[in-house]
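Some notes on the structure that comes next.
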Amino acid sequence: MPIVRQIADQLVALIRYGTLPAGERLPPVRMLAGFLRVNRNTVAKVYAALERQGWIESVRGRGTFVRSAPAVEPAALFAYADRLLAEAEAQGLGLEDVRELITARAAERRTGTRSPRVGFVECNSSDLAYFTRQLAARLRVPLVPVLLADVPRGAEGLDIVATTLFHVEEVQARLPSHEVIGLMAAPDFRTLDEVAHLAPSSRIALVCATQEGVKSKERSIRAVGVARARIRSATLQHPAQLRSALTGADVVLASPKVLERLGGQIPRRARVIPFASILGEGAVALLEHRIRTWQPRRHRAAEAGRSKSPGRRRGADGDGAARTTAGGWGR
């Protein structure tokens, strides 16, 4: 699945779930690409595709905004349904017979197909544990945590490998034979916008539980346009460093859990912004969909062989017609 479609599907899920309501302003292309650490052209293509499909709209001089979710149009399946009903009627079958047939065939397609082995890859142990817990609470299959440094050896035997978009290209390069899914891990877009538009004079204290977390968050904050010189970072593990970072801070960025542990150490005049990368509904929905539709490699190979058989029609209106990926994304 192309990265453009992976990101787009996650944004669509956020709109469907109402996490991104109608009228919500999306981050500029440069900002979202920088935070997710993907090419600007990738995000530009995502926005262009979603605008064509009616999910978002660009307003000159104002930005890009979410539209109301377009109504689902099942018209593309009407012709197939009509043909099925006509054939069933010709053979003396009623509507209930057709329902039973479809239900039985759907069950047969699942029979004998084991659940995929799914892993999650991250570059540091703290984020790996954090994101794995988030996903494991929602998924119905076991999730194998794998450190990026252990790939590819640690991913042996896995069928689907998920990671954050920060690392998706690197993981794909190391696991060319695996299905690799890149998940959006980010604060909500309003928080991103708030951080990106902090006053240039603001002194920012970035506090994380570990040094690994500091490195990751600092890189992401710089990606949305905040100069490194404005950031003083610290961890909970080093009290002296923490006091130094908080002293004189105008803004404190930390996850909600870290903020709880800071307690009264935050200067009263400081502006506090909860800042945590979260795998939202869109990320979980994408991975759930890939798990649900996964088939063992032998089944995929058989399907590919049937699609190349000489007797299969190809053309503008034949079953074997060449198509782009779902939703008209292209390749």
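Data overview
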| item | result |
| --- | --- |
| The range 38-48, subset open to solvent by less than 20 Å² (accessible area, probe 1.4 Å) and free of Cβ contacts under 8 Å to residues at least 40 places away in the same chain, residue nearest to SER68 (Cα to Cα) | TYR47 |
| Any hit, the range 2-19, residues being over 21 Å from ARG290 (Cα atoms), surrounded by 15 or more Cβ atoms within 10 Å (Cβ to Cβ) and not β-branched (Val, Ile, Thr) | no |
| ILE278 surrounded by 14 or more Cβ atoms within 10 Å (Cβ to Cβ), under 23 Å from the mean Cα position of the chain (by Cα) and of a type outside the set (Phe, Trp, Tyr) | yes |
| Only one of GLU51, GLU87 that is at pLDDT 95 or above, surrounded by fewer than 16 Cβ atoms within 10 Å (Cβ to Cβ) and more than 20 Å from GLY280 (Cβ to Cβ) | GLU51 |
| From LEU143, LEU165, residue being under 16 Å from ALA283 (Cβ atoms) and touching a residue at least 60 places away in the same chain (Cβ under 8 Å) | LEU165 |
| Subset tally (residues that are open to solvent by 20 Å² or more (accessible area, probe 1.4 Å) and closer than 18 Å to ILE181 by Cα) for the range 20-37 | 1 |
| Complete set of residues in the range 190-205 that are open to solvent by less than 10 Å² (accessible area, probe 1.4 Å) and either aromatic (Phe, Trp, Tyr) or assigned to a helix (DSSP H, G or I) (or both) | LEU192, VAL195 |
| Subset of the range 236-265 [over 23 Å from LEU36 (Cα atoms) and outside any helix (DSSP H, G or I)] | LEU236, GLN237, HIS238, THR247, GLY248, ALA249, ASP250 |
| Tally of residues being open to solvent by less than 20 Å² (accessible area, probe 1.4 Å) and part of a helix (DSSP H, G or I) across the range 139-179 | 4 |
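Conditions (1) within 18 Å of the chain's Cα centre (by Cα); (2) farther than 24 Å from LEU148 by Cα, marked per residue:
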| site | (1), (2) |
| --- | --- |
| GLU169 | yes, no |
| SER177 | no, no |
| ILE181 | yes, no |
| MET184 | yes, no |
| PRO187 | yes, no |
| ARG190 | yes, yes |
| LEU198 | no, yes |
| SER201 | no, yes |
| LEU206 | no, yes |
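Matching residues to (1) surrounded by 22 or more Cβ atoms within 10 Å (Cβ to Cβ); (2) farther than 21 Å from GLN10 by Cβ; (3) among the hydrophobic types (A, V, I, L, M, F, W, C):
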{"position": "ILE181", "(1), (2), (3)": "yes, no, yes"}
{"position": "VAL207", "(1), (2), (3)": "yes, yes, yes"}
{"position": "GLN211", "(1), (2), (3)": "no, yes, no"}
{"position": "VAL214", "(1), (2), (3)": "no, yes, yes"}
{"position": "GLY225", "(1), (2), (3)": "no, yes, no"}
{"position": "ARG232", "(1), (2), (3)": "no, yes, no"}
{"position": "GLN237", "(1), (2), (3)": "no, yes, no"}
{"position": "LEU253", "(1), (2), (3)": "yes, yes, yes"}
{"position": "PRO256", "(1), (2), (3)": "no, yes, no"}
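The values are calculated or read from the model by the stated rules, or taken from the named source; none is laboratory data. What you are looking at is a predicted structure, and each value in this text was computed from that prediction instead of being measured. Please note: Cβ atoms are built from the backbone with ideal geometry, for glycine as well, and neighbour counts cover all protein chains shown. In case anyone asks, the SASA skips ligands and DNA or RNA and just uses the protein heavy atoms, side chains included. Shrake-Rupley method; radii C 1.70, N 1.55, O 1.52, S 1.80 Å.
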